[in-house]
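As structure tokens, the structure follows; a few thoughts come after it.
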Amino acid sequence: MAYIRVLFLSIFILFSAFNGYTFEADISQDLRLDNKSKVMGATVPTTFMLYSFDADIIAGWNTPLYSHEKRYIPEKYQNLQVLGGWYGNGNYPHKEVLLSNKIDAAFAVAADGSKTKKEINKMKEYMASINIPFVSIQGTTINDDIKIYSLLGKIFNNEKRSEEINKYIIKSIENTKKITDRVQNKKRVYLALGDNGLKTRCVDSLILAGAEYVHKCSVLDETISIEQLIIYNPDVIVIGKKAAYEYIKKDKKWAKIKAVKNNNILFVPEEPFSWVEKKTVMEYFVIQYLASKLYPEYADIDLHKELMEHIKLFFHYDLSYDMAERLINYEKYYK
């Protein structure tokens, strides 16, 4: 079996994100991996990114899969070992579990800017204490994700797979650009996160989809007041959680906002996991979806076909047309 030797300890690629982050990778020297290796993701998004690259390389999940996640994952991967991870509230993997599963390497992709260098260094030290090589990668944009998949292709000696994935991502960006290039007046959009919709974030997918954010924010979650949102008075509200959707539809203060009055609310799916609440591999389809929903007069993308291709490529699962329809028109079917 061919191996690849990573000849560098640190790579710094100056590719600026919209929020000021640059792409950065730190890879343990002498790391040798291939498609027979077993690795873990330090966080849930990292594990799903590794799974999307090659489902057979992941040694396990960070937490048990939810039923709505299992719906999109082949049965053979649904009941893998639960390894734990650094996913908030002081959680971390137990050394005994990692050693018993013979982990070849651990990865942490801080794709949403949520992990600080201090936290990443703690992960690295933790893995070093049990002699598990550690790879950390930081990047915040979809263009950074292309760099990440290229890097995974080199690390696992499978550049053919990274090229296949990146070809789809680039196609998705181009499909989206065909819509946004025709837009004369951008929609003023607010992204409503959390249970009451008053958390927000400036996500790359909405920017690429041609939205103009009413709130100038960073990649990290921020909380604003309903009074400030009434002043912003967005044209469209994008919602990524059922609780927020139900709250906004009923609340009298939200009813004062133009988007709510005109029912210009885009309730996006939470399956396999939220399309906008967190940065995930769904983003490469979501940019086409958002652009098509915001500017339907310019959209000629077959969203059903694109979603089915996306789920096959990143989840190794054959999505039916009916399931694609249920996700694309989520508000109509979610109840």
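The values are calculated or read from the model by the stated rules, or taken from the named source; none is laboratory data. This one's a predicted model, so the numbers in the text were calculated from it and none came from an experiment. Glycine gets a Cβ as well: all are built from the backbone with ideal geometry, and neighbour counts include every protein chain shown.
See the values below:
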quantity	calculated
Residue within region 242-249 that is of a type outside the set (Phe, Trp, Tyr), assigned to a helix (DSSP H, G or I) and in contact (Cβ under 8 Å) with a residue 60 or more places away in the chain present	yes
Residue check for HIS310: touching a residue at least 60 places away in the same chain (Cβ under 8 Å) and within 22 Å of the chain's Cα centre (by Cα)	yes
Flag for LYS312 being among the basic types (Lys, Arg) and within 22 Å of GLY194 (Cα to Cα)	no
Selection from region 119-152 of residues that are touching a residue at least 12 places away in the same chain (Cβ under 8 Å) and of a type in the set (A, V, I, L, M)	ILE120, MET123, MET127, ILE130, ILE132, VAL135, ILE137, ILE142, ILE146, ILE148, LEU151, LEU152
Any hit, region 173-184, residues being out of contact with any helix residue (DSSP H, G or I) (no Cβ under 7 Å at 6 or more places or on another chain), surrounded by fewer than 15 Cβ atoms within 10 Å (Cβ to Cβ) and modelled with pLDDT under 95	yes
Test: residue in region 198-212 that is assigned to a loop (DSSP other than H, G, I, E, B), acidic (Asp, Glu) and either surrounded by fewer than 19 Cβ atoms within 10 Å (Cβ to Cβ) or in the same structural domain as ILE142 (by TED's automatic domain parsing) (or both)	no
Residue, farthest from GLY60 (Cα to Cα), within region 83-141, restricted to residues that are in a loop (DSSP other than H, G, I, E, B), among the aliphatic types (A, V, I, L, M) and modelled with pLDDT of 80 or more	ILE130
Residues within region 159-184 that are in contact with an Asp or Glu (Cβ under 9 Å, 6 or more places away or on another chain) and not in a helix (DSSP H, G or I), tallied	1
Enumeration of residues in region 23-41 that are modelled with pLDDT of 90 or more and not in a strand (DSSP E or B)	ASP34, ASN35, LYS36, SER37, LYS38
Residue match in region 218-239 (condition: aliphatic (A, V, I, L, M) and modelled with pLDDT under 90)	yes
